[in-house]
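Novice: I am attaching a structure below and will ask some questions about it afterwards.
The values are calculated or read from the model by the stated rules, or taken from the named source; none is laboratory data. Computed from a prediction, not measured in an experiment: that's the story for all the values here. As a convention, Cβ positions derive from the backbone with ideal geometry for all residues, glycine included, and neighbour counts pool all protein chains shown.
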Amino acid sequence: MKQKSRLLMRWVLGPTDRKEWVLLFGICGVLGGCASIEFPDSAEQGSIAFNCTVGDVTPHEAIVWIKTPDAQTLTIQYSADPQWSTFQESAMVSTTPETDFTAQIPLTALTPKTRYWYRNLVPGKNPSQPCQFLTAPLAEDSATITFAISGDTRHSFQPFSIMESMRTVSPDFFVFLGDTIYADKETPARELSDYWNKYRENRDGFAKHLFAETSVYAMWDDHEVDSDFTSTHPLMPIGRQAFFTYWPIRPYTPDGTRLYRTFRWGKAVELFLLDTRQYRNPATNTMLGADQKQWLLAQLAASSARFKFIISSVPFSDPRVDKWGEYPEERDEILDFLKKHDITGILFLAGDVHHAGVSRMPGLTDLKEFIFGPLAAPMNDKISSQEPRFEYFNDASRNFGKITVHPDGLKPSVHIEWFDANRTLLHEVIIEDDRDHSLTSR
């Protein structure tokens, strides 16, 4: 199935993006049309370059992440009007060397289910080019939701042109499944500045364009610190600090290091983002730690969302070491809880293993896990497509998922599609809820 689109959004590319222009024109030909590309005009050159991302979006709030080339003091202007006839403005913030010239600015009092544009303004300069995002609908809103999902971006596999294909499906948001950098590859990171450099290297032009047009829910996996790390790894605190520095993540109190969280998008969608790294401890047989596990079970039991997406950086259905198969007691406790309490509408989403797939959960054939990626990393060479748990398996193409949730009708549904870098459809599954609380796929 081929899809074509023609987008009217303008891109203004700076001089550092020129090495990607030839590749971008080639992608535009494959996709059947792309945004127009223009040189910055003199006014735009009078502004400060805006390296922007927005994340952890709710109906009324969002976190803006910015990076400036050097120390600056600035404000964030934001508006629901693309013509900027009216706008709001944040307090002044400063970027400093202590955070690698980054800052995170909360935007509050936003309107649900509304597109916002935001830009920076340095006193004495022109406003930057705007970026944009969509706020979440309220929990009672019967909104159709579309989001993209994948993980694994290794610097040596740049350019990340697959992110341009992801941008053209116009997701409401992007779930980044972890391995957002590969700190342990090429020149391994050991100091905080090394980790920061890994993030800077990974923000190529294609990543910046994607992040300029949608929001992100960022998760981590092992390569943000070191391969297969657990809670006792000595570099974990440094890698975690760098992760918080470079992603727009809402801080929690009193635990400022917490990464597990949940987000609601309308009547049909709730996301449960797990942290499968900083609490895992083989000596005590836990992947999540006691607090996170109890949080997950309580949140699932309380959720009224039609579809509940449990999102784990590593697959629940994978029997191997470093995956949930290394922690079968905790995995089975969660699965048994779902069954015992008749919690319905559960879908598991995961990455990490460098193949696309649909996998049955251990002992529960009616529960499925949907696996995505990699975006830009080596393909799988460890897992066999012949494992009986797989209903679909593809380790030939780098890929991302597009998930569309339709909340209304006699059978509310989830449409899951896998696309390659050229936006060729690799596979699709439609999951229906027939209102008797059973999920069926076709």
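Novice: Go through region 136-164 residue by residue and tally those that are under 15 Å from the mean Cα position of the chain (by Cα) and among the hydroxyl-bearing types (Ser, Thr, Tyr).
Specialist: Number of matching residues: 3.
Novice: Could we say that residue 49 is at pLDDT below 95 and either under 25 Å from residue 123 (Cβ atoms) or not acidic (Asp, Glu) (or both) here?
Specialist: Values: at pLDDT below 95: yes; either under 25 Å from residue 123 (Cβ atoms) or not acidic (Asp, Glu) (or both): yes.
Here the answer is yes, as residue 49 does meet what is asked.
Novice: Out of region 207-228, which residues are in contact with a Leu (Cβ under 8 Å, 6 or more places away or on another chain) and buried (at least 22 other Cβ atoms within 10 Å of the Cβ)? Break it down into steps so the answer makes sense when it comes.
Specialist: Filtering region 207-228 down to residues in contact with a Leu (Cβ under 8 Å, 6 or more places away or on another chain) leaves 214-215, 217, 219-221, 225-226.
Matches in region 207-228: 214, 215, 217, 219, 220, 221, 225.
Novice: Kindly indicate the residue of region 191-206 that is touching a Pro at 6+ places or on another chain (Cβ under 9 Å) and assigned to a helix (DSSP H, G or I) and also farthest from residue 158 (Cα to Cα) among those meeting that condition. Break it down into steps so the answer makes sense when it comes.
Specialist: Initial filter on region 191-206 (touching a Pro at 6+ places or on another chain (Cβ under 9 Å)): 194, 204-206.
Among the residues that remain, those that are also assigned to a helix (DSSP H, G or I) are: 194, 205-206.
Numbers: 194: 19, 205: 10, 206: 9 Å.
If we take residues in region 191-206 being touching a Pro at 6+ places or on another chain (Cβ under 9 Å) and assigned to a helix (DSSP H, G or I), then 194 is farthest from residue 158 (Cα to Cα).
Novice: On to the next question. Between residues in region 233-258 that are in contact (Cβ under 8 Å) with a residue 40 or more places away in the chain and closer than 17 Å to residue 202 by Cβ and residues that are assigned to a loop (DSSP other than H, G, I, E, B) and of a type in the set (Val, Ile, Thr), which pairs lie under 6 Å by C-beta distance while being six or more apart or on different chains?
Specialist: 239/225
Novice: Oh, and also: Residues of region 153-164 being closer than 14 Å to residue 373 by Cβ and surrounded by fewer than 23 Cβ atoms within 10 Å (Cβ to Cβ), which ones? Walk me through it before giving the result.
Specialist: Residues of region 153-164 that are closer than 14 Å to residue 373 by Cβ, as a first pass: 153-154, 157, 160, 162-163.
If the condition is that a residue be closer than 14 Å to residue 373 by Cβ and surrounded by fewer than 23 Cβ atoms within 10 Å (Cβ to Cβ), then 154, 157 are the ones that fit.
Novice: Going by the structure shown, is residue 201 surrounded by fewer than 17 Cβ atoms within 10 Å (Cβ to Cβ), within 30 Å of residue 117 (Cα to Cα) and either in the same structural domain as residue 242 (by TED's automatic domain parsing) or within 15 Å of the chain's Cα centre (by Cα) (or both)? Write out each step before concluding.
Specialist: Numbers: surrounded by fewer than 17 Cβ atoms within 10 Å (Cβ to Cβ): yes; within 30 Å of residue 117 (Cα to Cα): yes; either in the same structural domain as residue 242 (by TED's automatic domain parsing) or within 15 Å of the chain's Cα centre (by Cα) (or both): yes.
In short, yes.
Novice: Check whether at least one residue in region 311-324 is in a strand (DSSP E or B) and closer than 26 Å to residue 419 by Cα, and report yes or no. Before you say what the answer is, go through the steps one by one.
Specialist: Going through region 311-324, the residues in a strand (DSSP E or B) turn out to be 311-312.
Those left that are additionally closer than 26 Å to residue 419 by Cα: 311-312.
Yes, region 311-324 has at least one match.
Novice: Could you run through region 214-227 and say how many residues are among the acidic types (Asp, Glu) and under 13 Å from the mean Cα position of the chain (by Cα)?
Specialist: If we filter region 214-227 for residues that are among the acidic types (Asp, Glu), which is where we start, we get 221-222, 224, 226.
In the following step, the residues that additionally are under 13 Å from the mean Cα position of the chain (by Cα) were identified as 221.
Residues meeting the conditions: 1.
Novice: Quick test for you: out of 411, 402, 368, pick the one residue that is surrounded by fewer than 19 Cβ atoms within 10 Å (Cβ to Cβ) and either assigned to a strand (DSSP E or B) or modelled with pLDDT under 95 (or both). Talk me through it step by step, then tell me what you get.
Specialist: On the way: 402 fails: surrounded by fewer than 19 Cβ atoms within 10 Å (Cβ to Cβ); 368 fails: surrounded by fewer than 19 Cβ atoms within 10 Å (Cβ to Cβ).
Every option except 411 fails the conditions.
Novice: Now for a separate question. Somewhere in region 300-313, is a residue over 29 Å from residue 214 (Cβ atoms), without any contact (Cβ under 8 Å) to a residue 60 or more places away in the chain and assigned by TED's automatic domain parsing to the domain that holds residue 393? Full working, then the answer.
Specialist: Let us first name the residues in region 300-313 that are over 29 Å from residue 214 (Cβ atoms), namely 301.
Among the residues that remain, those that are also without any contact (Cβ under 8 Å) to a residue 60 or more places away in the chain are: 301.
From what is left, the residues that are assigned by TED's automatic domain parsing to the domain that holds residue 393 are 301.
Within region 300-313, one or more residues are over 29 Å from residue 214 (Cβ atoms), without any contact (Cβ under 8 Å) to a residue 60 or more places away in the chain and assigned by TED's automatic domain parsing to the domain that holds residue 393.
Novice: Which one of these is in contact (Cβ under 8 Å) with a residue 12 or more places away in the chain and closer than 18 Å to residue 219 by Cα: 286, 276? Break it down stepwise before answering.
Specialist: Working: 286 fails: closer than 18 Å to residue 219 by Cα.
Only one candidate passes the filter, namely 276.
Novice: Pick from 357, 351, 325: which is of a type in the set (Gly, Ala, Ser) and surrounded by fewer than 21 Cβ atoms within 10 Å (Cβ to Cβ)? Before the answer, list the steps.
Specialist: On the way: 357 fails: surrounded by fewer than 21 Cβ atoms within 10 Å (Cβ to Cβ); 351 fails: surrounded by fewer than 21 Cβ atoms within 10 Å (Cβ to Cβ).
Of 357, 351, 325, the one residue that is of a type in the set (Gly, Ala, Ser) and surrounded by fewer than 21 Cβ atoms within 10 Å (Cβ to Cβ) is 325.
Let's see how each residue does on (1) at pLDDT 95 or above; (2) among the hydrophobic types (A, V, I, L, M, F, W, C); (3) outside any loop (DSSP other than H, G, I, E, B):
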site: 233; (1), (2), (3): yes, no, no
site: 237; (1), (2), (3): yes, no, yes
site: 243; (1), (2), (3): yes, yes, yes
site: 248; (1), (2), (3): yes, no, no
site: 258; (1), (2), (3): yes, no, no
site: 264; (1), (2), (3): yes, no, yes
site: 270; (1), (2), (3): yes, no, yes
site: 277; (1), (2), (3): yes, no, no
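Novice: Of everything in region 286-310 that's of a type in the set (Gly, Ala, Ser) and in a loop (DSSP other than H, G, I, E, B), which residue is surrounded by the fewest Cβ atoms within 10 Å (Cβ to Cβ)? Break it down into steps so the answer makes sense when it comes.
Specialist: As a first pass, look at region 286-310 and keep what is of a type in the set (Gly, Ala, Ser): 289-290, 298, 301-305.
The next check asks that each one be in a loop (DSSP other than H, G, I, E, B); those that pass are 289, 303-305.
On the way: 289: 18, 303: 18, 304: 11, 305: 21.
Residue satisfying both the conditions and the ranking: 304.
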